[in-house]
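These notes concern the structure reproduced below.
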Amino acid sequence: MLRFSGGMKRWWILLIVCGAARAAEVKEELVTHAGTRFRVVRLEPARVGLVWKDGSGETYSTFDRVQSDFARQGKKVRFLMNAGIYEPGGVPSGLHIEGGRMLRPANQAEGKGNFFLKPNGMVAGFANGKARIGTPESWDAWSKSGGPKVVDAAQSGPLLLIAGQRHPAFRDGSDSRLHRNGVGVDGEGRLVFAITAPGERVNFWDFAGLFLKLGCQDALFLDGDISQMTVNPDRPVPSNRFGAMFVVAE
């Protein structure tokens with residue numbers, strides 16, 4: 001058995017603590033695709049939660065409010081990204097399941113705008129630590145299968161990739177280039193979050209192609225110009241106002 005002096009013990013403990021802190025940090029990559037730079041984060045689904053309202057029923061709305069609330073719980077926020085399109089008052093436009101509770105039902109109505117560009121879809125995290133992305137019809141099958149319980153889920157639209165194929169409405173060379181964010185599931189089962197880097201713009205065709213490059217067969221568009229992501233913040237992060245948000249807090 002190894003024996004350490006008091007000073008060596010303190011250094012050994014410090015190394016262990018620092019190593020654990022580094023392990024908990026979220027890793028961000030800068031990926032270039034089709035001449036556009038993207039910020040990319042890959043996460044095990046079990047680490048990722050979904051938040052909309054705090055314990056008093058008030059909408060979080062901003063990153064710093066989420067950080068403050070989790071800090072009161074003794075947790076540090078490692079990652080935040082807006083989770084999708086919402087209605088006035090910060091109400092998610094479609095399905096929202098949080099902590100196993102359905103707070104908003106699936107929305108299969110017809111309408112205008114990205115959310116209603118069919119097929120739209122859902123991203124879901126299950127009690128077995130897996131994640132899936134699929135259409136509303138897929139959601140019906142998941143919810144009736146008797147399989148692992150859905151812990152968190154959000155609906156947005158359009159789907160970027162469906163079984164490895166781009167959404168049928170996308171066009172190569174489209175001049176509709178905007179700031180965008182989205183999420184996919186890669187071949188290792190990880191959730192892959194991507195957002196255009198500051199100053200960059202992308203069309204849907206190339207954004208879907210990014211997720212193919214990142215090893216995803218299914219991917220979902222989240223939102224456009226207001227979208228934000230923060231990774232390992234060391235101070236409160238001001239943000240735009242959102243509905244639901246993805247969070248990693250440990």
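The values are calculated or read from the model by the stated rules, or taken from the named source; none is laboratory data. Predicted, not measured: the structure shown is a model, and the values here were computed from it. Cβ atoms come from the backbone with ideal geometry, glycine included; neighbour counts cover every protein chain shown. Only protein heavy atoms, including side chains, enter the accessible area calculation; ligands, DNA and RNA are left aside. Shrake-Rupley method; radii C 1.70, N 1.55, O 1.52, S 1.80 Å.
Taking (1) more than 15 Å from the chain's Cα centre (by Cα); (2) at pLDDT 95 or above in turn, Phe63 satisfies each apart from (1).
Checked against the criteria, Gly74 does not count as more than 18 Å from Gly125 (Cβ to Cβ) and either acidic (Asp, Glu) or modelled with pLDDT under 95 (or both). Restricting Val151, Val91 to those that are in contact (Cβ under 8 Å) with a residue 24 or more places away in the chain, farther than 29 Å from Lys213 by Cα and among the hydrophobic types (A, V, I, L, M, F, W, C) reduces the list to Val91.
State whether the residues of region 191-205 include one that is of a type in the set (Phe, Trp, Tyr), under 18 Å from Arg42 (Cβ atoms) and not in a helix (DSSP H, G or I). Looking through region 191-205, at least one residue is of a type in the set (Phe, Trp, Tyr), under 18 Å from Arg42 (Cβ atoms) and not in a helix (DSSP H, G or I). Of all residues in region 55-78, those that are under 11 Å from Ala249 (Cβ atoms) have Cβ atoms under 7 Å from Cβ atoms of residues that are surrounded by fewer than 18 Cβ atoms within 10 Å (Cβ to Cβ) and among the acidic types (Asp, Glu), 6 or more apart or on another chain, in Asp69/Asp54; Lys75/Glu250; Lys76/Glu250; Arg78/Glu25; Arg78/Glu250.
Here Val150 fulfils each of the conditions (1) farther than 21 Å from Ala46 by Cβ; (2) in contact with a Phe, Trp or Tyr (Cβ under 8 Å, 6 or more places away or on another chain) apart from (1). Of the residues making up region 157-204, just one is without any contact (Cβ under 8 Å) to a residue 24 or more places away in the chain, within 28 Å of Val231 (Cα to Cα) and more than 19 Å from the chain's Cα centre (by Cα), namely Gly199.
Let's see how each residue does on (1) small (Gly, Ala, Ser); (2) open to solvent by less than 90 Å² (accessible area, probe 1.4 Å); (3) part of a strand (DSSP E or B); (4) modelled with pLDDT of 95 or more:
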{"site": "Trp11", "(1), (2), (3), (4)": "no, no, no, no"}
{"site": "Leu14", "(1), (2), (3), (4)": "no, yes, no, no"}
{"site": "Cys18", "(1), (2), (3), (4)": "no, yes, no, no"}
{"site": "Ala23", "(1), (2), (3), (4)": "yes, yes, no, no"}
{"site": "Val26", "(1), (2), (3), (4)": "no, yes, no, yes"}
{"site": "Leu30", "(1), (2), (3), (4)": "no, no, yes, yes"}
{"site": "Phe38", "(1), (2), (3), (4)": "no, yes, yes, yes"}
{"site": "Arg42", "(1), (2), (3), (4)": "no, yes, yes, yes"}
{"site": "Leu50", "(1), (2), (3), (4)": "no, yes, yes, yes"}
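Only one of the numbered conditions (1) open to solvent by 70 Å² or more (accessible area, probe 1.4 Å); (2) touching a residue at least 40 places away in the same chain (Cβ under 8 Å); (3) over 21 Å from Cys216 (Cα atoms) is not met by Lys112, and that is (2). Among the residues of region 179-216, those that are surrounded by fewer than 18 Cβ atoms within 10 Å (Cβ to Cβ), on the phi < 0 side of the Ramachandran plot and in contact with a strand residue (DSSP E or B) (Cβ under 6 Å, 6 or more places away or on another chain) comprise Asp186, Ala197, Glu200, Arg201, Lys213. For region 115-150, how many residues are hydroxyl-bearing (Ser, Thr, Tyr) and open to solvent by 60 Å² or more (accessible area, probe 1.4 Å)? Of the residues in region 115-150, 2 are hydroxyl-bearing (Ser, Thr, Tyr) and open to solvent by 60 Å² or more (accessible area, probe 1.4 Å).
Report the residue count in region 129-139 for those that are assigned to a loop (DSSP other than H, G, I, E, B) and in contact (Cβ under 8 Å) with a residue 60 or more places away in the chain.
Initially, region 129-139 is screened for residues assigned to a loop (DSSP other than H, G, I, E, B), giving 129-130, 135.
Narrowing further to those that are in contact (Cβ under 8 Å) with a residue 60 or more places away in the chain: 129-130.
Number satisfying all stated conditions: 2.
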